[in-house]
Amino acid sequence: MSTLISNIGQLVTLDPAEPERPMRSHAALVIDDGRVAWVGDAAHAPAADTRIDADGAAVIPGFVDSHSHLVFAGDRVDEFEARMAGRSYTAGGIRTTVAATRAATDDALRARLRHLVAQARAQGTTTLEIKSGYGLTVADEQRSLRLAREVSPETTFLGAHVVPGEYADDRDAYVDLVCGDMLAACAPHARFIDVFIDSGAFTVDEARRILTAGRDAGLTPRVHAGQLEPDGGAALAVELGAASVDHGTFLTGADVDLLAASARADAAGGPPATVATLLPLVEFATRQPYPDARRLLDAGVAVALASDGNPGSNFSTSMPLAVALAVRELGMTPLEALAAATRGGARALRRTDAGHLGVGARGDAVILDAPDHRFLAYQPGVPLVRQVLVAGEVAQ
């Protein structure tokens, strides 16, 4: 089945094969058998089985949200209110969600997860990474990943989110568990392994051990680092060839140099870059300083934007809002922010078939209720997603 999207006022392809031409005007797009089959001028569009009239609107690639934590129970609205009254954010609140998640049934977790995925889809997210990390037992981490895999192939084992209360006096035993029985149970349900490096979570040395064990089990490393202070996590991420280092609010000059060197090596045909994934919705919800995306981009670092949707530090999956904040607070242009939220996110997931609308890409497209992609930042908070297509099928 082929679908023609015609009468597109502005088509943002972000096609890596045409870096000098990221967008077209008065364009059309054909998706056939789930893949982009043709891109060109609307006047020369071929016939297709079905046709969608964009009516002059902008069409962009579906958002690729490469960082979320959506398998959980309960909420932390009291914690949010306290933060707004002046309490600082720390990693300790995660344990509140762990208790609620452990107590929840599979059906309750599944219902909450599907509801949140539907929210993300309605806002234009077509590829979504989902982490575990609110179970912190072998059985609960495994079921979190099993449920996440029902809605996305992009799953991450985050048994090293924090040390659970029952191991507070024996951290080494918990790291042993994460590297041993927990990893063995979770690896079949995950693509990636992640560690939260922070004074309230795990040290760099603990993270190195966990990530190396995960890599040996066939999982690709990712790293939470630099959220609350400089912590050495970015250097570890580059050392281990991690797909991404996420947060990056407090990156040092040396961190930026390492990430830029990683991107240059990738461009020269070396191993894939370690992507700096920025999460501005977290800074918005915690009143932490925003990261400096301009510094990263000017240095040549590969950059992504993601939501970090979770019940504690940011209970939102809105990629359009992440784009608007990146333009307003992180120093990005509207096109840079959109690219980071689509093609950049795909790069952080080591995906070449998502995040752009070049020929051969998966047919994930978003028709905006606006004539230009810049309206995502120009009209923040306004529901600008008119229609979402996933592999050429209209999402319901």
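The values are calculated or read from the model by the stated rules, or taken from the named source; none is laboratory data. Note that the coordinates shown come from a computational prediction; the quantities given were computed from them, not determined experimentally. Glycine gets a Cβ as well: all are built from the backbone with ideal geometry, and neighbour counts include every protein chain shown. These area figures cover heavy atoms from the full protein model, side chains too; ligands, DNA and RNA do not enter into them. Shrake-Rupley method; radii C 1.70, N 1.55, O 1.52, S 1.80 Å.
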Mean separation of Cα contacts under 8 Å (6+ apart) over length of the chain, as relative contact order %
20
Zone of residue 38's modelled label, taken as backbone nitrogen in the stretch 1-16 under 15 Å from a point 7 Å along Cα→Cβ:
1-8
Hey, what do the phi angles of the stretch 128-141 turn into as Karplus ³J(HN,Hα) couplings, whole Hz, using 6.51/-1.76/1.60 and θ = phi - 60°, x for Gly and Pro?
9, 7, 9, 9, 7, x, 10, x, 6, 10, 4, 5, 6, 5
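What is the stretch 315-384's relative contact order, in percent, from Cα pairs under 8 angstrom and six or more apart in sequence?
Numbers: 64 pairs, mean separation 24.9, N = 70.
Once divided by the residue count of the stretch 315-384, the mean separation gives 36 percent.
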State the antiparallel share, in %, of DSSP beta bridges confined to the chain, rounding to the nearest 5.
45
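Just round it to a whole percent: the fraction of Cα-Cα distances in the stretch 219-336 exceeding 25 Å.
Working: 1205 of 6903 pairs.
Tail of P(r) above 25 Å: 17 percent of Cα pairs.
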Net dipole in debye of the stretch 231-368 [+1 Lys, Arg Cβ; -1 Asp, Glu Cβ; about Cα centre; nearest 20]:
320
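Working out 0.36 nm times the residue gap between residue 77 and residue 267, then minus their Cα-Cα distance, what length gain in nm do you get to one decimal?
64.0 nm
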Quick one: which residues, 5+ away or cross-chain, put their amide H under 5 Å from the amide H of residue 363? H built at 1.01 Å from N.
35, 36, 391, 392
With every protein chain in place, the accessible area of residue 295 for a 1.4 Å probe, in Å² rounded to the nearest 10, comes to 90
Estimated 222 nm signal from helices in the chain, with DSSP H stretches of n ≥ 4 weighted -39500 (n - 2.57), rounded to 500
-9500 deg cm²/dmol
Residue farthest toward the positive end of the dipole of the stretch 145-231, with Cβ of Lys/Arg at +1 and Asp/Glu at -1: which of 153, 196, 182?
153
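Sum up the charges of everything whose Cβ sits under 15 Å from the Cβ of residue 278, counting Lys and Arg as +1 and Asp and Glu as -1, but leave residue 278 out.
Working: positive: 222, 294, 295, 328, 343, 347; negative: 65, 129, 246, 255, 283, 292, 298, 308, 329, 336.
My count for the surroundings of residue 278 gives -4.
Using r as the Cβ-Cβ distance of residue 139 and residue 396, and R0 as 45 Å, what FRET efficiency do you calculate, to the nearest 0.05? Working shown, then result.
Numbers: r = 34 Å, r/R0 = 0.74.
So the FRET efficiency works out to roughly 0.85.
Equivalent-ellipsoid semi-axes (√(5λ), Cα gyration tensor) for the chain, whole Å, largest first? Walk me through the numbers before you get to the answer.
Values: eigenvalues 240, 96, 81 Å².
Working through the eigenvalues yields semi-axes of 35, 22, 20 Å.
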Based on the mean of other Cβ atoms within 10 Å per residue, sort peptides 321-329, 207-215, 388-396, 39-47 so the most packed one is first.
321-329, 207-215, 388-396, 39-47
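Only loop residues by DSSP count here, and only those with at most 13 other Cβ atoms within 10 Å; note down the GluC sites (Glu not before Pro) in the stretch 1-90 that meet that. Can you show the working numbers first?
Values: sites: 20, 79, 81; in loops: 20.
The qualifying sites are 20.
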Starting from the Cα of residue 379, step 7 Å along the direction of its Cβ; do the same at residue 49; then give the gap between the two resulting points in nm.
3.3
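Please pull out the direction-averaged projected area of the stretch 271-325, using the convex hull of its alpha-carbon atoms, in nm² to one decimal place.
Numbers: hull surface 16.9 nm².
About 4.2 nm², averaged over all directions.
Divide, for the stretch 255-396, the radius of gyration over alpha carbons by 2.2 N^0.38 Å, where N is the residue count.
Working it through for the stretch 255-396, the quotient is 1.06.
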Take the alpha carbon atoms of the stretch 201-216, find their center, do the same for the stretch 147-173, and report the distance between the two centers in whole angstrom.
13
Testing the spin-label approximation: label points 7 Å from Cα along Cα→Cβ at residue 168 and residue 106. State their distance in nm.
3.2
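Where does each of 115-122, 353-360 land if you order them by average Cβ count within 10 Å, highest first? Could you put the intermediate results ahead of the total?
On the way: 115-122: 17.8, 353-360: 21.1.
Most protected by this proxy first, the peptides run 353-360, 115-122.
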Distance between the stretch 285-327 and the stretch 67-118 - C-alpha centres, whole angstrom:
19
